[in-house]
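Have a look at the structure below, then the notes.
The values are calculated or read from the model by the stated rules, or taken from the named source; none is laboratory data. This is a predicted model, so every value here is computed, not measured. No Cβ is skipped: glycine too gets one built from the backbone with ideal geometry, and neighbour counts run over all protein chains shown.
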Amino acid sequence: MIKIVSTAEKNTMRELKSIEPGAWVHLLDPTEEEILSVRDALGLEDEFIRAALDEEEAVRIDVENDQVLVLVDIPVVRPERTSFSYATIPLGIILAPENIITVCLEETSIIEDFWNKAVRGFDTCKRTRFLLQLLYRNSGKFLQYLRQIDKAQTQVENALHKSMRNRELIQMLKIEKSLVYFSTSLKGNESVLEKMLKFNVIKKYPDDMDLLEDVIIENKQAIEMGNIYRDILSGTMDAFASVISNNLNIVMKFLTSVTIVLSVPTLIASLWGMNFASIPLANHPYGFLIITLVIVGASAAAFYFLWRKKMF
């Protein structure tokens, strides 16, 4: 899908049918025909457009002639049967001489915020500021999703206190996986931002430097928050693994003690019931009662011994 918008006239967003100078061109999971049409219309590098269409593409900044590619990772939420998970996908931002082009595989709330005019000072003609606003929005979205992950982690942890089911443990593993994705992507984005700050890869204006520094601070905060949540989750998983192992040991100890207590009457009855020539107390009028009392007494003694050893 191709969407073209511009704020060139009276700073009002309007959707265009063709590409004009100062317009923003957004490619959402584009077809081959759409890629070629935008490439030929703006004279873009083919590799720049296709870079964001590979989920495994590494984040980077590339400069070719008068074009700049800024490739960063953005967070996305993917619903599942009974829950949801977080992942990251590439977002390509291409600065052409007169236009800015964004390329992404999936719909993202970062782009939708600009469609819905939720970003102040949004101007498609100010390409550098627009780029920084996208990056700032991206860092803020990482922080937002990290807070959601923390809340989900707390809910799963509370559920684990009540029931040690596999479902909650699998959810914890999914959360840990999401945090790994986020931490890796944020570190990659950090390298891109530092390169933008140190080197003159894009044309920066005085007002844009403050925004770039804000983006870097926001990204660093997201990295620190992600690391904290990963450490907390790792400690929680280790604690629950110990609890589960301890509960298993308690159950096995209890079952072993019950087995020992129950084996005492079985052993006595087996020995007494052997087919010898003469069975003790066989002709005694209270023989069965005596044997029963012996069995009960032996079982009680075994139970008392194990209880003293704290096996129950």
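Within region 271-289, being assigned to a helix (DSSP H, G or I) and modelled with pLDDT under 75 holds for L271, W272, G287, F288. Annotation note: Cβ proximity below 6 Å between a residue of region 36-55 that is over 15 Å from L71 (Cα atoms) and a residue that is of a type in the set (A, V, I, L, M, F, W, C) and part of a helix (DSSP H, G or I) (sequence gap 6+ or interchain) occurs for R39/I49. If the condition is being buried (at least 17 other Cβ atoms within 10 Å of the Cβ) and touching a residue at least 40 places away in the same chain (Cβ under 8 Å), then region 56-84 contributes V59, I61, V68, V70, L71, V72, D73, I74, P75.
So for region 193-201 (the condition being closer than 27 Å to V76 by Cβ and not in a helix (DSSP H, G or I)), does at least one residue qualify? For region 193-201, residues closer than 27 Å to V76 by Cβ and not in a helix (DSSP H, G or I): present. Among residues of region 240-258 that are in a helix (DSSP H, G or I), those with a Cβ under 6 angstrom from a residue that is of a type outside the set (A, V, I, L, M), sequence gap 6+ or separate chain, pair up as S257/F312.
Would you confirm, using the coordinates I've provided, whether I101 is over 30 Å from K174 (Cα atoms), modelled with pLDDT of 85 or more and not in a helix (DSSP H, G or I)? Taking the combined requirement at face value, the residue satisfies it.
Residues of region 68-117 that are basic (K, R) and either under 17 Å from E55 (Cβ atoms) or touching a Lys or Arg at 6+ places or on another chain (Cβ under 7 Å) (or both): R78 alone. Considering only region 22-39, state which residues are of a type in the set (D, E) and not in a loop (DSSP other than H, G, I, E, B). Within region 22-39, E32, E33, E34 qualify. Can you find, within region 116-144, the residue that is surrounded by the most Cβ atoms within 10 Å (Cβ to Cβ) among those that are in contact (Cβ under 8 Å) with a residue 24 or more places away in the chain and more than 19 Å from I216 (Cβ to Cβ)? If we take residues in region 116-144 being in contact (Cβ under 8 Å) with a residue 24 or more places away in the chain and more than 19 Å from I216 (Cβ to Cβ), then R127 is surrounded by the most Cβ atoms within 10 Å (Cβ to Cβ). A single entry from D238, D231, D214 fulfils the requirement of being surrounded by fewer than 17 Cβ atoms within 10 Å (Cβ to Cβ), under 21 Å from V70 (Cβ atoms) and under 32 Å from the mean Cα position of the chain (by Cα): D214.
Yes/no matrix, rows are residues, columns are (1) polar (S, T, N, Q); (2) in contact with a helix residue (DSSP H, G or I) (Cβ under 6 Å, 6 or more places away or on another chain); (3) modelled with pLDDT of 90 or more:
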{"position": "Q144", "(1), (2), (3)": "yes, no, yes"}
{"position": "M164", "(1), (2), (3)": "no, yes, no"}
{"position": "R167", "(1), (2), (3)": "no, no, no"}
{"position": "K177", "(1), (2), (3)": "no, no, no"}
{"position": "N200", "(1), (2), (3)": "yes, no, no"}
{"position": "D208", "(1), (2), (3)": "no, yes, no"}
{"position": "Y229", "(1), (2), (3)": "no, yes, no"}
{"position": "S234", "(1), (2), (3)": "yes, no, no"}
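State yes or no: is D210 more than 30 Å from E80 (Cβ to Cβ), without any contact (Cβ under 8 Å) to a residue 12 or more places away in the chain, out of contact with any His (no Cβ under 9 Å at 6 or more places or on another chain) and part of a helix (DSSP H, G or I)? Yes. The set of residues in region 1-42 being farther than 21 Å from K126 by Cβ and surrounded by fewer than 12 Cβ atoms within 10 Å (Cβ to Cβ) consists of M1, K17, S18, T31, E32, E33, D40. The number of residues in region 88-114 being in contact (Cβ under 8 Å) with a residue 60 or more places away in the chain and surrounded by fewer than 17 Cβ atoms within 10 Å (Cβ to Cβ) comes to 3.
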